[in-house]
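The values are calculated or read from the model by the stated rules, or taken from the named source; none is laboratory data. If you're wondering where the values come from, they're calculated on a predicted model, not measured in any experiment. Cβ sites come from the backbone with ideal geometry, for glycine too, and all protein chains shown count toward neighbours.
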Amino acid sequence: MTPHNTTNASETTRLMNTCTQCGKVSTTAVSTEGYQAWLSGVPIQVALSDLSDGEREMLLSGVCEACFDAMFPDDDDEVT
């Protein structure tokens, strides 16, 4: 998934996404070089390795970390 808006300030690109589940808007600053590498096919874990798992998930799927965790709870988080 490609972020909705991007602005480029020299070596940093700001990516703005809206969670498809809850509507939360997030802005993530990434290196322009890493962002271009990701768009060129480099795996996001490599190209944007400085981002958290949740930040990368938001860029990939458009789902924020809280909604992702609610959709796919860890086995330890499940209520039995």
Exercise for the section: Among the numbered conditions (1) farther than 10 Å from Gly62 by Cα; (2) at pLDDT 95 or above, tell me where Thr7 comes up short. Expected result: (2)
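Anything in the stretch 41-72 that is of a type in the set (D, E, K, R) and touching a residue at least 12 places away in the same chain (Cβ under 8 Å)? List them, or say none.
Residues satisfying the conditions are Asp50, Asp53, Glu55, Arg56, Glu65.
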Handout entry: Qualifying residue in the stretch 65-79 (condition: at pLDDT 95 or above, among the β-branched types (Val, Ile, Thr) and at negative phi)
Key = no
